[in-house]
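Engineer: This is the structure I want to talk about, given as structure tokens.
Values quoted throughout were computed directly from the atomic coordinates according to the rules given, and no laboratory measurement underlies them. Predicted model only: the values in this text are computed from it and were never measured. Here Cβ is always computed from backbone atoms with ideal geometry, including for glycine, and neighbour counts include all displayed protein chains.
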Amino acid sequence: MDIKNLTDDFGVEVRNFDCSKKIGYDELNLLKKTIQDRHFICFKNQKLDGDTLATFTKNFGKLEAYPEKDKTKGKIEIFNVSNVSEDGEHLDPDDQRVILQKNNSRWHTDSSYRYLPSVFSILYGQETLPPEVGGQTQFSNMLLAYDHLPEDKKILLEPLHQVHSYNDIRRLEPGLPELTYEEKSNFPPVTHPIVRVHPDRNFRKSLYFTSNTSLEIGGMSLEQGKELHKWLVDYIGQPKFCYTHKWQKNDLIMWDNRVLLHRVIPYDYAKYRRAMIRGTVEGEVPVLGPFSNEVRLNNN
Ligand SMILES: [Fe+2]
């Protein structure tokens, strides 16, 4: 396995490693350490399908299932992140599966609408686009972004929570059909602290918010919340916090949802095909903030 850093701050590229094969104990430990330290891994030249992607993903934890039953994928644990159907048909831009792809162009972290949001996402490029037409996946480092915040913003954000609501994706993308009662009941709105504290990183702080589930910030009026949210989006989009992944076919990328936000750079959905499959590792712990019990106990 050959590992090379992608930027000074985060990300590595891995070559000469086959993710479809059973992984040895030492190799798995090295990968776990690498994702913890560098937050993003691109495995080059992989050959995977839904089954082998699921097997690889399970090395890092339990597979998370998609909230909407059988709408965008064949297997509930492998999401089609794609404007191409399972049968290879280029979908209409108004198709709900494509509308969900458009929503991915807003900065977010996967499954933040869960009380226990996912830890890792693992995305395999089956049909990719040349960067000049869009379709790259961009990442922003929330540890770095928090460290560089002006002091007054750190103080302002410290006690705040954002609302994350799967159903509110409908507010942002009115073309999507209503969720069923069962789907809604499975994913009631949650809030997470905007300043996230990481006990597994020596209680370091990062930012934690999204643009694709809701724009509401608890404790603020809707207007104030939107204004602060817009400031955050502009702030974390600065190139000094970001890495842009320019896809090549058969890249498999893996990232840590706890410390990175990501988005897809929009492309012409009617003109170009982009097909990816994703395995997602379930979260096991809630998002902790500066006022969570575990964090306060550590401070005392
Ligand atoms: Fe995503």
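Engineer: Applying the selection to region 108-154, what residues are assigned to a loop (DSSP other than H, G, I, E, B) and within 24 Å of ASP268 (Cα to Cα)?
Structural biologist: Correct list: THR109, ASP110, THR128, LEU129, PRO130, GLY134, GLY135, GLN136.
Engineer: When region 239-255 is examined, which residues are found to be outside any helix (DSSP H, G or I) and either crowded, with 20+ Cβ neighbours inside 10 Å or without any contact (Cβ under 8 Å) to a residue 24 or more places away in the chain (or both)?
Structural biologist: Matches in region 239-255: CYS242, TYR243, HIS245, TRP247, ASP251, LEU252, ILE253, MET254, TRP255.
Engineer: Still on this structure: Which members of region 201-233 meet the condition of being farther than 28 Å from PRO67 by Cα and out of contact with any strand residue (DSSP E or B) (no Cβ under 9 Å at 6 or more places or on another chain)?
Structural biologist: Within region 201-233, ARG201, ASN202, MET220, SER221, GLU223, GLU227, TRP231 meet the criteria.
Engineer: Being in a loop (DSSP other than H, G, I, E, B) and touching a residue at least 60 places away in the same chain (Cβ under 8 Å) is the filter; apply it to region 93-107 and report the residue that is nearest to the ligand (Cβ to nearest atom).
Structural biologist: Taking the candidates together, the pick is ASN104.
Engineer: Please specify each residue of region 2-19 satisfying the condition of being surrounded by fewer than 13 Cβ atoms within 10 Å (Cβ to Cβ) and either touching a residue at least 24 places away in the same chain (Cβ under 8 Å) or not polar (S, T, N, Q) (or both).
Structural biologist: ASP2, LYS4, ASN5, ASP8, ARG15 - these are the residues of region 2-19 that are surrounded by fewer than 13 Cβ atoms within 10 Å (Cβ to Cβ) and either touching a residue at least 24 places away in the same chain (Cβ under 8 Å) or not polar (S, T, N, Q) (or both).
Engineer: Specify the residue that is surrounded by the most Cβ atoms within 10 Å (Cβ to Cβ); the eligible residues are those in region 108-138 that are closer than 23 Å to PRO239 by Cβ, among the β-branched types (Val, Ile, Thr) and more than 10 Å from the ligand (Cβ to nearest atom).
Structural biologist: Among residues in region 108-138 that are closer than 23 Å to PRO239 by Cβ, among the β-branched types (Val, Ile, Thr) and more than 10 Å from the ligand (Cβ to nearest atom), the one surrounded by the most Cβ atoms within 10 Å (Cβ to Cβ) is THR128.
Engineer: Being within 16 Å of the ligand (Cβ to nearest atom) and surrounded by 20 or more Cβ atoms within 10 Å (Cβ to Cβ) is the filter; apply it to region 213-238 and report the residue that is nearest to GLY283 (Cα to Cα).
Structural biologist: In this case the residue turns out to be THR213.
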